[in-house]
1. With labels modelled as points extended 7 Å from the Cα through the Cβ direction, what inter-label distance (nm, one decimal) is found for D167 paired with R242?
2. If I take all pairs of Cα atoms in the stretch 40-180, what percentage of them are more than 23 Å from each other?
3. At q = 0.23, 0.24, 0.27 Å⁻¹, what is the base-10 log of I(q)/I(0) for the stretch 60-134 according to the Debye formula with one equal point scatterer per Cα and no solvent? Please give it to two decimals.
4. When only alpha-carbon atoms count, how far does the stretch 298-341 stretch along each of its three principal axes, as whole angstroms with the largest first?
5. What shape does the chain take by its C-alpha gyration tensor, where a ≥ b ≥ c are the square roots of the eigenvalues and a/c under 1.5 counts as rounded, a/b above b/c as prolate, and the rest as oblate?
6. If you look at just the Cα atoms of the stretch 162-270, how large are its Rg and its Dmax in Å?
7. Could you estimate the translational diffusion coefficient of the stretch 241-280 from the Stokes-Einstein equation, with Rh from the Kirkwood formula over C-alpha pairs, at 20 °C and 1.002 mPa s, in whole µm²/s?
8. Please grab the % of Cα pairs in the stretch 165-220 that end up more than 12 Å from each other.
Amino acid sequence: MEPVLRILDHGTAAVAIRSVTREQASLIRNIPGPLPSSAAAHASSSKQPNTNEVILAGTPDQLREFLKAMTKNPGTEQLSKKIKTLLDNYLRSDYKIKCRGTVLDLNARTHIMGILNVTPDSFSDGGRYLDTDRAAKRAREMAAEGADIIDIGGESTRPGARPLSEDEELARIIPVIRQLAGELTTPISVDTYKSAVAEKALAAGASLVNDISGLRFSPDMAKVAADHGAAVVIMHIKGTPRDMQEKPVYADVVTEVAQYLEEGVAMAVSAGVDREQILIDPGIGFGKTLEHNLTILERLGEFRAIGRPVLLGTSRKKFIGTVLDAPEAERRLEGTAATVALGIERGARVMRVHDVAQMARVARMTDAILKRNSKLQTANDK
Ligand code: HH2
């Protein structure tokens with residue numbers, strides 16, 4: 001009897017409650033609520049005799065009123081609590097992430113994570129910043145262009161990529177992190193799935209761990225992050241970079257990705273990571289077909305029900321090239337811009353991008369329309 005929150009339209013939410021018994025379905029249907037009865041609780045019979053799906057739809061305020069009535073009924077009390085949590089999570093926006101001395105106020109505006117690949121073989125900027133000085137120069141440039149976080153990675157995780165040794169990864173990124181931590185106030189994130197690499201990067205000055213495996217590839221990654229009081233990005237991947245694009249299959253991609261992320265959050269919290277320091281990321285392109293990526297973007301708002309801020313990494317990715325017939329990564333700027341604007345509208349709070357100057361402007365414009373820019377906010381639209 002797990003409720004699932006679906007976002008129907010601007011300002012409207014629907015909660016699908018699967019596998020309720022006939023008795024519960026009829027209890028819900030008969031709750032006198034403020035919703036029109038046809039929309040309030042629609043129960044459709046499934047083929048199995050004892051299961052039903054109930055859909056509650058309405059504005060958040062209407063749903064809250066209905067949930068109050070549900071709470072009063074012993075047969076639906078627990079369920080109404082679960083739904084209330086989903087709704088509260090969905091509507092929550094006051095996320096603040098602590099990165100050493102800096103607090104990232106994700107409610108004030110959309111934040112930009114600038115990508116710095118210190119690799120010879122990344123899919124879009126491989127080889128450009130392998131040299132420490134060039135990497136540091138690009139980081140300074142991104143900070144000046146409006147990056148709120150610099151994400152430093154030493155191993156490409158593009159489809160088919162083979163793992164790199166710990167020593168090699170460290171040799172690439174540690175000198176860059178050390179140099180930047182000494183001079184930039186912009187928080188530094190380390191893009192790694194290896195706990196030993198994360199440990200040394202945090203000791204060298206990084207304050208956020210961006211783990212493409214969602215804490216699954218290194219068993220003690222969560223503990224390392226907890227010990228350092230670091231922020232953590234939990235990303236979804238199906239398989240490993242080596243094999244993830246070999247015909248990935250999902251029954252329902254959004255449900256499966258959301259479950260993986262929720263489990264990742266629970267793992268992190270039980271290892272001692274502060275829940276308030278966790279971000280989630282559906283992992284665009286990591287074990288997903290074009291259709292999966294587009295579905296995730298279209299239904300991105302559903303991840304908000306997990307109750308952690310969503311980070312989105314679409315920048316210059318292959319699915320954009322497929323849609324726009326642009327095989328070269330450099331020709332995917334406009335496609336990336338479309339995903340950034342839509343991602344913000346669907347509620348993502350951090351955008352991981354290569355083209356920092358351009359995407360910072362796309363974000364500022366989108367924030368202005370949505371009145372998310374604190375400078376533009378009036379007393380009415382809190
Ligand atoms: N994508 C890439 C790497 N790290 N981290 C998060 N949280 N989300 C992402 O979508 C994501 C990520 C792949 O992009 P890139 O770093 O540009 O390429 P490569 O892996 O080839 O270095």
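Please treat every number below as a calculation from the coordinates, not as lab data. Because the structure is a prediction, the values reported are computed rather than measured. A quick note on method: Cβ atoms are made from the backbone with ideal geometry, for glycine too, and the neighbour counts reach across all protein chains shown.
1. 2.0
2. Details: 5908 of 9870 pairs.
Across the stretch 40-180, Cα pairs with separations above 23 Å total 60 percent.
3. Listed by q, the Debye log ratios stand at -0.97, -0.99, -1.10.
4. Projected onto the principal axes, the Cα atoms of the stretch 298-341 cover 36, 15, 14 Å.
5. Working: a/c = 1.91, a/b = 1.79, b/c = 1.07.
Because a/c hits 1.5 or more and a/b exceeds b/c, the chain counts as prolate.
6. 14.9, 48
7. Working: Rh = 11.8 Å.
After rounding, the answer is 181 µm²/s.
8. Details: 943 of 1540 pairs.
When all Cα pairs of the stretch 165-220 are counted, 61 percent exceed 12 Å.
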